[in-house]
Amino acid sequence: MLHNKEIRLTSGFTGERYIHIPLPMLDLMRDQPLSQGLYLHSLGFFAHARYHYLNRPKGSNEFILIYCKEGVGNLTINNVHYKMTANQVVVIPPYVPHRYEADHTNPWSIYWAHFLGSKAEEMSVKLYQPAEISISEASRIEDRLNLFEEIFNTIKSGYSIDNLNFANISFSYFLATFSHVEQFNQAKKGSEFANNIINRVLHYMNENIENSLSIEQLASFSGYSSSYFYRRFIAEMDTAPMTYFMRMKMNKASILLITTDMQVNQIASKVGFTDSFHFSRVFSKIIGMSPQKFRKQGFKL
């Protein structure tokens with residue numbers, strides 16, 4: 001009979017939660033304009049994962065994020081040993097030999113995710129060694145965990161293109177909360193405009209994706225003058241309001257091209273264009289190919 005220290009589990013923990021994205025959807029995300037830069041392969045949460053153990057002598061095919069919320073785990077990456085404790089995070093790159101296991105007396109609770117994409121390395125390179133998230137009044141631990149729950153629940157509700165795009169975009173932000181901790185901590189207390197007004201304006205844009213909006217209408221909705229709103233929006237979003245709104249429209253159009261058999265002129269109307277030729281020109285400029293060519297690439301479900 002095995003002694004406790006010899007028991008090794010990869011899953012099967014009480015209260016464990018995890019999701020693996022189906023392979024056909026992973027293939028779709030790899031070629032999807034909104035998600036191809038960074039997209040989830042799987043994610044989950046293991047609480048007090050006693051006897052948790054994984055050994056990958058040849059590494060994984062994906063990037064692996066591990067966020068230790070509490071407890072202790074032992075991690076070896078390329079024969080370098082680390083002890084991970086509460087509020088430490090690490091990303092293990094693909095094909096890098098590694099091994100990890102929960103401490104026997106104080107097993108870790110971890111949030112984890114496997115992910116891929118053309119921007120995955122750039123987004124995670126700062127985390128290739130365990131980094132500590134210092135606890136303070138501004139550390140926003142709960143905000144980070146609430147974001148993970150939003151991502152998890154969105155995918156759990158169904159594997160639609162919209163759900164996966166939202167989850168993958170949100171995961172980029174989730175990863176950035178670790179790679180850019182100072183900016184994440186300062187953002188909430190340092191920018192009342194961004195937290196309250198910009199989010200409301202973005203929601204307003206999304207609610208009016210089928211309409212035409214002007215900078216004056218957006219400024220009026222925000223409660224600021226057009227010039228002040230324009231400057232603040234660029235400062236927070238790094239792009240002009242109407243440029244951002246147009247990208248939102250083209251993202252919506254790309255989803256409709258993938259998930260429906262609607263004609264191009266019908267899709268143009270759905271994103272607020274009365275002239276399908278004008279829509280096609282704008283789509284080609286932003287997405288990089290015509291709507292017809294985009295649809296023919298084989299992305300359609």
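The values are calculated or read from the model by the stated rules, or taken from the named source; none is laboratory data. Quick caveat, the model's predicted, so the values are computed rather than measured. Positions of Cβ are backbone-derived with ideal geometry, glycine not excepted, and every protein chain shown enters the neighbour counts.
Points worth noting:
- Between E70, E132, E121, the distinction of being charged (D, E, K, R), surrounded by fewer than 19 Cβ atoms within 10 Å (Cβ to Cβ) and closer than 23 Å to M25 by Cα belongs to E121 only.
- Residue that is exposed (fewer than 15 other Cβ atoms within 10 Å of the Cβ) and more than 29 Å from S269 (Cα to Cα), where the choices are N146, N199, N185: N146
- Strands (runs of 3 or more DSSP E) enclosed by the stretch 17-92 - at least 1 residues per element that are under 19 Å from the mean Cα position of the chain (by Cα): 17-20, 39-46, 63-70, 88-92
- Among the residues making up the stretch 99-148, those that are among the aromatic types (F, W, Y) and not in a helix (DSSP H, G or I) are Y100, W108, Y111, W112, F115, Y128.
- Leading residue by the ranking (surrounded by the fewest Cβ atoms within 10 Å (Cβ to Cβ)) among those in the stretch 34-64 that are hydrophobic (A, V, I, L, M, F, W, C) and over 29 Å from M248 (Cα atoms): L54
- Residues in the stretch 208-217 that are closer than 14 Å to G272 by Cβ and either of a type in the set (A, V, I, L, M) or not in a loop (DSSP other than H, G, I, E, B) (or both): 3 in all.
Listed here are the residues, each with its yes/no results for (1) within 20 Å of Q217 (Cβ to Cβ); (2) surrounded by fewer than 14 Cβ atoms within 10 Å (Cβ to Cβ); (3) outside the structural domain of R30 (by TED's automatic domain parsing); (4) in contact with a His (Cβ under 7 Å, 6 or more places away or on another chain).
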residue	(1), (2), (3), (4)
P241	yes, no, yes, no
T259	no, no, yes, no
V264	no, no, yes, no
K270	yes, no, yes, no
T274	yes, yes, yes, no
F277	no, yes, yes, no
K285	no, yes, yes, no
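- The C-beta contact set for the stretch 208-236 (first residue surrounded by 14 or more Cβ atoms within 10 Å (Cβ to Cβ), second residue of a type in the set (D, E, K, R) and assigned to a helix (DSSP H, G or I), distance under 9 angstrom, 6+ apart or interchain) comprises I209/K249; I209/K252; I209/K270; F221/R200; S222/R200; S222/R232; Y224/R232; S226/E216.
- Of the criteria (1) of a type in the set (A, V, I, L, M); (2) buried (at least 17 other Cβ atoms within 10 Å of the Cβ); (3) more than 17 Å from the chain's Cα centre (by Cα); (4) outside any strand (DSSP E or B), which one V96 fails: (2)
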